[in-house]
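A.B. asks: Handing you a structure now.
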């Protein structure tokens, strides 16, 4: 559900850049005032895990569409809302700048749509109330599916509102909604099941991460296993990803009867040129293969290189961000 710049006007894109930037600042400030700083190093590991997981598009039978997990709910359950928002923002920035996944103008919208709703809506109002009265596998499955569906429904509707308000396209509101909401309902169910599976695995290794009690340290075996899984997913399993358009691309194509949305706005064009310079593996492939009739002879390898390099970049970015916040937290503690 990564929006492209063609869907947005500079005004709408700028507004959500501001909203997301302010939320990032508030999140960083909130983390520095918390006592539970042991989870901060896990931001890097989980960010890398989500980056790799997002590369695996799963086909939705009978639709010609595909989906991938957003990861915001999983991050929020394990890291808390503030760390989750920062971590997913780091993932989306890396995807945008280095892999041209989502537009530069749309970056603020993508952060808001994918990170805000799971962290600050679905988690506190859906997941926590369901899980409040004790743990069970069935209750956890219900909570993750309900919260994932809720966050994706809000996110999908937000995409529609942002697109319609921008007025860049002829996408009719009603038609766009009727395609966006059902397809993301299905994607939300799959994400909920995947989130449940990961949480069951995490609970077996370190149950404290799923409790409300402060975590004194993150188990090293868990961090190592998740990092290995992330590298293997990005480097190997990404080959198995569906090539069908994702839920947003599919909805746009359906609403426009197979057409594409483009923009000739000079500002959007300038941002696209800038993104072309920063993206060393656009669309997770070698740059030389982009826009040519014959694919680059090593284009398949480019997917693995993108998966592994992106996983490492996100790991270092989110980990570095976490370390900085942790140091600031220690400095602000009263003597």
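Read the figures in this text as sums done on the coordinates, not as results from a lab. Nothing here was measured: the structure is a model prediction, and the numbers come from that model.
A.B. asks: Which number comes out as Rg/Rh for the chain once both Rg and the Kirkwood Rh are worked out on C-alpha atoms? Could the numbers behind the result be given before it?
C.D. replies: Values: Rg = 19.4 Å, Rh = 20.2 Å.
Rg/Rh for the chain comes to 0.96.
A.B. asks: Compute the length gained on full extension between residue 236 and residue 19: take 0.36 nm times their separation in residues and subtract their Cα-Cα distance, giving the result in nm to one decimal.
C.D. replies: Values: separation 217, 0.36 × 217 = 78.12 nm, distance 3.62 nm.
Between residue 236 and residue 19, full extension yields 74.5 nm more.
A.B. asks: Let me have the relative contact order for the stretch 169-257, percent, based on Cα pairs under 8 Å that are six or more residues apart.
C.D. replies: Details: 31 pairs, mean separation 46.5, N = 89.
Answer for the stretch 169-257 is 52 percent.
A.B. asks: Under 8 Å for C-alpha pairs, at least 6 residues apart: give me the relative contact order for the chain, rounded to a whole percent. Provide the component values of the computation, followed by the final result.
C.D. replies: Working: 556 pairs, mean separation 107.3, N = 335.
After rounding, I find 32 percent.
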